[in-house]
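Following: one structure in structure tokens, then a few remarks.
Every read-out reported here was derived from the displayed coordinates using simple, explicitly stated rules and does not represent laboratory data. Keep in mind it's a predicted model, so treat the numbers as computed, not measured. Methodologically, a virtual Cβ is constructed for each residue, glycine included, from the backbone with ideal geometry; neighbour enumeration extends over all protein chains shown.
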Amino acid sequence: MSYGKMNTFIDIIGAESIRDAEGFVTRGDQILASLRAYKEVRNTTAKWERIVGSAAFSSVNTIFRFRSVPAFTLSTSHFISDSDGRYNIVSVENVKGRGMYVEVLAEKIEGSVR
């Protein structure tokens with residue numbers, strides 16, 4: 001993956017519980033990492049047909065690829081945010097097992113409009 005293709009700026013967000021002075025717990029977001037990534041939105045290629053063909057990944061509509069962050073383990077409990085919105089992480093994979101790049105299958109979180 002060339003660095004020139006990584007032209008989308010993303011934030012990796014972790015949800016954490018924050019306890020206030022009265023003891024009430026609220027959920028807050030914390031940015032864990034900000035980095036550049038390659039972003040590919042769902043299309044009709046054979047690669048996407050293989051991904052979406054699996055029942056577990058039928059809701060996936062975006063792939064992110066980026067360099068792995070040292071001493072940080074990305075999991076499905078994190079979120080990705082970019083200029084287009086927020087994404088729920090469905091799958092995290094180490095590309096070719098080298099530990100250099102991470103591929104994330106994600107679904108865009110759509111808010112309801114009232």
*Pop out the ³J(HN,Hα) list for segment 25-42 in order, Karplus 6.51 cos²θ - 1.76 cosθ + 1.60 with θ = phi - 60°, rounded to Hz; leave Gly and Pro as x.*
9, 10, 8, x, 9, 10, 6, 8, 7, 10, 7, 9, 9, 8, 10, 10, 8, 3
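Which trypsin sites (Lys or Arg not before Pro) in segment 60-109 pass both tests, a DSSP loop state and at most 14 other beta-carbon atoms within 10 Å?
Numbers: sites: 65, 67, 86, 96, 98, 108; in loops: 98.
Here the sparse-neighbourhood loop sites are 98.
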